[in-house]
1. Given (1) crowded, with 21+ Cβ neighbours inside 10 Å; (2) closer than 23 Å to residue 113 by Cα, identify the lone condition not met by residue 13.
2. So residue 125 clears everything in (1) assigned to a helix (DSSP H, G or I); (2) within 24 Å of residue 24 (Cα to Cα); (3) of a type outside the set (Lys, Arg) except one condition, right? Which one?
3. Hey, does region 159-173 have a residue that's part of a loop (DSSP other than H, G, I, E, B) and in contact (Cβ under 8 Å) with a residue 60 or more places away in the chain?
4. Take residue 2 and decide whether it is more than 25 Å from residue 143 (Cα to Cα), surrounded by 16 or more Cβ atoms within 10 Å (Cβ to Cβ) and either within 17 Å of the chain's Cα centre (by Cα) or among the acidic types (Asp, Glu) (or both).
5. Considering region 16-34 alone, what residues qualify as being crowded, with 19+ Cβ neighbours inside 10 Å and touching a strand residue (DSSP E or B) at 6+ places or on another chain (Cβ under 9 Å)?
6. Being surrounded by 16 or more Cβ atoms within 10 Å (Cβ to Cβ) and touching a residue at least 24 places away in the same chain (Cβ under 8 Å) is the filter; apply it to region 140-156 and report the residue that is nearest to residue 17 (Cα to Cα).
7. If the requirement is being under 22 Å from residue 157 (Cα atoms), out of contact with any Leu (no Cβ under 7 Å at 6 or more places or on another chain) and either assigned to a loop (DSSP other than H, G, I, E, B) or among the basic types (Lys, Arg) (or both), which of these qualifies: 30, 18?
8. So for region 75-91 (the condition being assigned to a helix (DSSP H, G or I), without any contact (Cβ under 8 Å) to a residue 24 or more places away in the chain and more than 23 Å from residue 149 (Cβ to Cβ)), does at least one residue qualify?
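No lab work stands behind these numbers, since they all come straight from the coordinates. Since this is a predicted model, take the numbers as computed values, not measurements. A quick note on method: Cβ atoms are made from the backbone with ideal geometry, for glycine too, and the neighbour counts reach across all protein chains shown.
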Amino acid sequence: MVRGLLFDRDDTLVVDVPYNADPHLVVPVPGAHRAVERARAAGLLLGVVTNQSVIAKGMATREQVDATNARVDELVGPFDTWCVCPHDAEDGCACRKPRPGMVLDAAERLGLAPEELVVIGDIGADVGAALAAGAQAVLVPTPRTRQAEVDAAPTVAATLDEAVESALAHAEAVRS
């Protein structure tokens, strides 16, 4: 049964501004607030799992990223949990997507099994993290998503709203 949704931040919930750590630059993707509201109204627990290498690169502090995330929370949320990977790709951490660390951490924080979660994101790393953790995944491609990532995704949705609808339909089908 689906009991929670985890969202990627950039290009999934908000328009991607590379290495953004400025709350004033946060702009929700069209329909993001409505989609998140629908999931919350259905009783699902909600979280965000986001790679933020801007911290490791020394281009922003954790506090700046947290302030940016708070703005996302204000415009699109609120979310029940935030998991942030502050590492760079070369750091070899367990949390950076496509590794499962943040999905597993979010599941624990929400008191859910990974199998009860759907991860919604815009790139293959989001899908990979979900599957590696034992969660379900929905890819919402953007113009930057590679075709190979779309082809490899188990579920693809045209919009964030459609991705949430897919998760809600699965949750309802399981409950029935």
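1. (2)
2. Against the list (1) assigned to a helix (DSSP H, G or I); (2) within 24 Å of residue 24 (Cα to Cα); (3) of a type outside the set (Lys, Arg), residue 125 comes up short only on (2).
3. yes
4. On the way: more than 25 Å from residue 143 (Cα to Cα): yes; surrounded by 16 or more Cβ atoms within 10 Å (Cβ to Cβ): yes; either within 17 Å of the chain's Cα centre (by Cα) or among the acidic types (Asp, Glu) (or both): yes.
It is true that residue 2 is more than 25 Å from residue 143 (Cα to Cα), surrounded by 16 or more Cβ atoms within 10 Å (Cβ to Cβ) and either within 17 Å of the chain's Cα centre (by Cα) or among the acidic types (Asp, Glu) (or both).
5. Once the filter is applied, which keeps residues that are crowded, with 19+ Cβ neighbours inside 10 Å and touching a strand residue (DSSP E or B) at 6+ places or on another chain (Cβ under 9 Å), region 16-34 yields 20, 26, 29, 32.
6. 140
7. Answer to the check: 30.
8. no
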